[in-house]
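Since the structure comes first, as structure tokens, the remarks are kept for the end.
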Amino acid sequence: MKVKDSMSSPALWFQQGIRIFWLIGIALILFTDKFDFHKKINSFHSLLLDFFFRYLTHLGDGLFAVVLGLIIVIKNVRLGILICVSYIGSALFTQLLKQVIFPHNNRPYFFFKNDSTFHFIENFHYHSHHSFPSGHATSCFAIFTILAYHFSSKITSQILFIILAIIVGLSRVYLSQHFFQDVIAGSMIGYFFAHFSWVFLHSNLEKFNAPIGSVWGSFKK
């Protein structure tokens with residue numbers, strides 16, 4: 001297994017972006033009160049942002065991850081497998097944390113639902129429980145890390161994927177589905193599951209680095 005080759009820091013621009021995001025995020029977590037900070041974020045809102053984030057956030061849905069992985073399998077079996085493995089592994093770990101380790105961590109809506117000054121989006125379903133960590137942040141960072149690694153030769157692709165990952169993660173805060181620390185934790189889980197999936201599987205799946213038709217044909221020979 002060519003672990004050394006796989007660990008040769010792929011997607012450096014993506015990695016630098018995620019490190020900056022974590023550095024700023026950890027500083028905000030350490031030096032701000034999570035309720036005050038969330039209330040300040042909530043004060044910046046508009047109808048356009050409400051519309052934008054309520055739909056963009058679906059890029060972190062588990063259904064999106066699975067469908068994307070299955071679609072990509074048609075073009076590149078290895079990439080599709082890596083996306084699915086990264087998503088499933090990180091999602092299971094996140095659900096373990098949500099349901100077993102931190103079952104009593106409540107979401108922003110639980111604390112602010114009776115606050116008349118708080119901005120709520122009309123006809124939007126808010127969750128109250130199982131806040132930590134963010135499953136959507138976990139999923140989107142797992143997906144976009146794999147994609148950034150796969151397209152590591154293209155700087156523009158790396159920048160696009162880190163921007164998408166961060167914006168989808170922050171959409172959970174804007175929508176008051178999670179506190180900021182939930183998103184930071186989810187992003188770390190998603191990234192590290194994707195990174196180590198790439199490290200340990202990428203080289204070993206070399207024979208699957210082809211469209212599904214070609215892979216299927218090779219097995220039939």
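General observations
- If you go through the range 135-185 and keep only what is free of Cβ contacts under 8 Å to residues at least 12 places away in the same chain and polar (S, T, N, Q), you end up with SER153, THR156, SER157.
- Of residues in the range 132-173 being surrounded by 23 or more Cβ atoms within 10 Å (Cβ to Cβ) and polar (S, T, N, Q), the one nearest to HIS38 (Cα to Cα): SER171
- Residue, nearest to the chain's Cα centre (by Cα), within the range 80-124, restricted to residues that are over 19 Å from HIS136 (Cα atoms) and of a type in the set (S, T, N, Q): ASN123
A quick yes/no check of all residues on (1) of a type in the set (D, E, K, R); (2) part of a loop (DSSP other than H, G, I, E, B); (3) free of Cβ contacts under 8 Å to residues at least 60 places away in the same chain; (4) over 13 Å from PHE179 (Cβ atoms):
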{"site": "LEU92", "(1), (2), (3), (4)": "no, no, yes, yes"}
{"site": "VAL100", "(1), (2), (3), (4)": "no, no, yes, yes"}
{"site": "HIS104", "(1), (2), (3), (4)": "no, yes, yes, yes"}
{"site": "ASN114", "(1), (2), (3), (4)": "no, yes, yes, yes"}
{"site": "PHE118", "(1), (2), (3), (4)": "no, yes, no, yes"}
{"site": "ASN123", "(1), (2), (3), (4)": "no, yes, yes, yes"}
{"site": "TYR126", "(1), (2), (3), (4)": "no, yes, yes, yes"}
{"site": "HIS130", "(1), (2), (3), (4)": "no, yes, yes, no"}
{"site": "PRO133", "(1), (2), (3), (4)": "no, yes, yes, no"}
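- Tallying residues that are within 22 Å of VAL85 (Cβ to Cβ) and among the β-branched types (Val, Ile, Thr) within the range 121-160 yields 4.
- Residues that are over 22 Å from the mean Cα position of the chain (by Cα), among the aliphatic types (A, V, I, L, M) and modelled with pLDDT under 95, drawn from the range 1-57: MET1, VAL3
- Qualifying residue in the range 174-188 (condition: under 11 Å from the mean Cα position of the chain (by Cα), surrounded by fewer than 17 Cβ atoms within 10 Å (Cβ to Cβ) and at pLDDT 95 or above): no
- Test for ASP61: is it within 20 Å of SER90 (Cα to Cα), among the acidic types (Asp, Glu), at pLDDT below 95 and surrounded by fewer than 19 Cβ atoms within 10 Å (Cβ to Cβ): yes
The values are calculated or read from the model by the stated rules, or taken from the named source; none is laboratory data. Everything numeric in this text was worked out from a predicted model, so none of it was measured. Virtual Cβ from ideal backbone geometry, glycine too; neighbours counted across all protein chains shown.
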